[in-house]
């Protein structure tokens with residue numbers, strides 16, 4: 001099973017994952033410009049890594065994973081997600097949707113398109129989410 005994940009991740013990286021990973025990292029660099037944006041920037045780099053190699057990983061709400069509400073899963077997380085959506089989320093989501101559409105055109109690209117749709121949803125509300133291995 002891990003050989004299949006490796007093949008899918010390499011194909012993903014070549015067929016658009018590299019560009020979207022760089023877009024996430026660019027958003028992270030822009031977030032690091034302000035002190036308030038540092039937590040957003042850190043999240044961008046983590047999600048950017050997911051955008052480079054998505055197969056074998058998934059995003060999970062931290063509240064569901066730990067059973068405890070924290071700053072990112074409460075009211076402040078909601079405010080952070082709204083701010084995120086206005087500045088970066090909508091643009092990253094559109095990039096993933098364009099890539100998803102391009103992948104859906106071919107039958108072989110459907111698994112990649114599904115991953116782009118998952119990342120598009122994550123790009124709308126990343127605060128309070130964490131990335132875990134799918135073992």
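Across segment 50-92, the qualifying residues are those that are closer than 12 Å to residue 119 by Cβ and touching a strand residue (DSSP E or B) at 6+ places or on another chain (Cβ under 7 Å), and the one among them that is surrounded by the most Cβ atoms within 10 Å (Cβ to Cβ) is 50. Residue count for segment 98-113, restricted to those that are in a helix (DSSP H, G or I) and either without any contact (Cβ under 8 Å) to a residue 24 or more places away in the chain or more than 14 Å from the chain's Cα centre (by Cα) (or both): 9. The condition of being in a helix (DSSP H, G or I) and either surrounded by 14 or more Cβ atoms within 10 Å (Cβ to Cβ) or at pLDDT 95 or above (or both) holds for residue 95. Pairing each residue of segment 70-91 that is at pLDDT 90 or above with any residue that is part of a helix (DSSP H, G or I) and surrounded by 13 or more Cβ atoms within 10 Å (Cβ to Cβ), provided the two are 6+ apart or on different chains, yields C-beta distances under 7 Å for 84/40; 85/124; 88/27; 89/123; 89/124. Each residue in segment 16-36 was checked for being surrounded by 15 or more Cβ atoms within 10 Å (Cβ to Cβ) and at pLDDT below 90, and 1 pass. Could you tell me whether residue 131 is out of contact with any strand residue (DSSP E or B) (no Cβ under 7 Å at 6 or more places or on another chain) and either surrounded by fewer than 22 Cβ atoms within 10 Å (Cβ to Cβ) or more than 24 Å from residue 11 (Cα to Cα) (or both)? Answer is no for this residue. Got at least one residue in segment 117-124 being without any contact (Cβ under 8 Å) to a residue 40 or more places away in the chain, under 13 Å from the mean Cα position of the chain (by Cα) and under 25 Å from residue 3 (Cα atoms)? Yes, segment 117-124 contains at least one residue that is without any contact (Cβ under 8 Å) to a residue 40 or more places away in the chain, under 13 Å from the mean Cα position of the chain (by Cα) and under 25 Å from residue 3 (Cα atoms).
Tell me, please, whether a residue that is part of a strand (DSSP E or B), more than 19 Å from residue 94 (Cα to Cα) and at pLDDT 90 or above can be found in segment 41-57. Within segment 41-57 (the criterion being part of a strand (DSSP E or B), more than 19 Å from residue 94 (Cα to Cα) and at pLDDT 90 or above), the answer is yes, since at least one residue qualifies.
I'm checking my understanding of the structure. Among residues of segment 37-49 that are surrounded by fewer than 21 Cβ atoms within 10 Å (Cβ to Cβ) and in contact with a strand residue (DSSP E or B) (Cβ under 8 Å, 6 or more places away or on another chain), which one is nearest to residue 115 (Cα to Cα)? For segment 37-49, the residue satisfying everything is 49.
The values are calculated or read from the model by the stated rules, or taken from the named source; none is laboratory data. Everything numeric in this text was worked out from a predicted model, so none of it was measured. Cβ sites come from the backbone with ideal geometry, for glycine too, and all protein chains shown count toward neighbours.
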